[in-house]
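The values are calculated or read from the model by the stated rules, or taken from the named source; none is laboratory data. From a predicted model like this one, the values you see are computed outputs, not experimental measurements. Here the Cβ positions follow ideal geometry from the backbone for every residue, glycine too, while neighbour counts run over all protein chains shown. The protein model used for the area step is the full one, side chains on, heavy atoms only, and it has no ligands, DNA or RNA in it. Shrake-Rupley method; radii C 1.70, N 1.55, O 1.52, S 1.80 Å.
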Amino acid sequence: MSMGITHSVAPLIQVRNLVKNYHQEQILKSIDVSIDEGDLVSIIGPSGCGKSTFLRCLNGMEILDSGFIQIDGITLARSPKAKTDKSDAQFSNTAHALRQHVGMVFQALNLFPHKTLLQNVMLAPMVVQHKSYDEAETIALNFLDKVGLKSIAHRYPMQLSGGQQQRGAIARALALSPKVMLYDEPTSAIDPTRVDEVLDVMRTLDQEGMTQIIVTHEMRFAKDASDYIIYMEQGQFIEISDEDEIFINPKDERTRQFLKKFM
């Protein structure tokens, strides 16, 4: 299935014929999509339909079985006959380069518990980009300020709420100055009263022009904040539509049935 939005310039993200299998089960089925720089895209759909796997492929964390992913000029590609051994040096090297352009925030609140919030955010610039301590500290404080956490930079994760920890994880991903941010159900593990503080960070980043792809069950956020929404089911992109149309007049019956649960 080939789907996408009309683009006037070359898209920042291009995916063609993406296939991913687990134990001979096809999880992603020839996915095609193009995403422009600055877009905020929400991916919705039932659990187990391949949403998280798609994000992990975009970040080079999964070996493609076949297909083509290009982000900011960096290409991951694999033919159906290629080896899928994770020791494949070329794929690993390209995936490593890709991850310096693509930040990812997971469901789990996975800050290092033995490091302060500031130390967590400083780590990537120092290890990946070989920044000095002072440079990394300046970068980290800047992004902690952006997500509203600079005043508590020296606290440890156990001293933070779930919403604060997830905002810290966003700051950590931003510290490498990525072109794209990916979020895998970023609010699912936090108290419902803290959800908006995380979503507000994404809204701010959208206003600043950050390209963002969000796997979410937060339908209100998807409707209010997205440039467009992708409905996914059984490893396929069933429908791509703008945030109003997909809720008011979905084109596909499968989309309609899914959204009935939330309307």
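So Asp65 clears everything in (1) touching a Phe, Trp or Tyr at 6+ places or on another chain (Cβ under 8 Å); (2) touching a residue at least 24 places away in the same chain (Cβ under 8 Å) except one condition, right? Which one?
(1)
Looking at the stretch 106-114, is at least one residue crowded, with 19+ Cβ neighbours inside 10 Å, part of a strand (DSSP E or B), modelled with pLDDT of 90 or more and of a type outside the set (D, E, K, R)?
no
I need the full set of residues from the stretch 206-232 which are among the charged types (D, E, K, R) and touching a strand residue (DSSP E or B) at 6+ places or on another chain (Cβ under 9 Å), in order please. Quick ask: steps written out before the conclusion?
Within the stretch 206-232, the first condition is being among the charged types (D, E, K, R), and the residues that meet it are 206, 208, 218, 220, 223-224, 227.
Of everything in the stretch 206-232, those that are among the charged types (D, E, K, R) and touching a strand residue (DSSP E or B) at 6+ places or on another chain (Cβ under 9 Å) turn out to be Asp206, Glu218, Lys223, Asp227.
Tell me yes or no: at least one residue of the stretch 131-144 is open to solvent by less than 70 Å² (accessible area, probe 1.4 Å) and touching an Asp or Glu at 6+ places or on another chain (Cβ under 9 Å). Give the steps one after another, and end with the answer.
Residues of the stretch 131-144 open to solvent by less than 70 Å² (accessible area, probe 1.4 Å): 132, 136-137, 139-141, 143-144.
Of the ones still in play, those that are also touching an Asp or Glu at 6+ places or on another chain (Cβ under 9 Å) are none.
No.
So Leu64 clears everything in (1) outside any loop (DSSP other than H, G, I, E, B); (2) within 23 Å of Ala89 (Cβ to Cβ); (3) of a type outside the set (Val, Ile, Thr) except one condition, right? Which one?
Exception for Leu64: condition (1).
Select, from Met158, Met104, the only residue that is of a type in the set (A, V, I, L, M, F, W, C) and farther than 14 Å from Arg172 by Cβ.
Met158
Give me the residue from the stretch 115-124 that is open to solvent by less than 50 Å² (accessible area, probe 1.4 Å) and at pLDDT 95 or above and, out of that set, farthest from the chain's Cα centre (by Cα).
Thr116
Of the residues that sit in the stretch 224-249 and are within 18 Å of the chain's Cα centre (by Cα) and aromatic (Phe, Trp, Tyr), which one is farthest from Val19 (Cα to Cα)?
The residue in question is Tyr228.
Given the residues Ala189, Ala153, Ala171, which is the only one that is within 19 Å of the chain's Cα centre (by Cα), of a type in the set (Gly, Ala, Ser) and crowded, with 20+ Cβ neighbours inside 10 Å?
Ala171
Could you list, in sequence order, the residues of the stretch 206-218 that are at pLDDT below 95 and open to solvent by less than 20 Å² (accessible area, probe 1.4 Å)?
Within the stretch 206-218, Thr216 is the sole residue that qualifies.
For the stretch 7-34, which residues satisfy the criterion of being surrounded by fewer than 20 Cβ atoms within 10 Å (Cβ to Cβ) and among the aliphatic types (A, V, I, L, M)?
Val9, Ala10, Val19
Filter the stretch 192-205 for residues that are open to solvent by less than 10 Å² (accessible area, probe 1.4 Å) and within 18 Å of Ala175 (Cα to Cα) and give the result.
Val198, Met202, Leu205
Restricting to the stretch 164-184, count the residues that are among the aromatic types (Phe, Trp, Tyr) and free of Cβ contacts under 8 Å to residues at least 24 places away in the same chain.
The total comes to 0.
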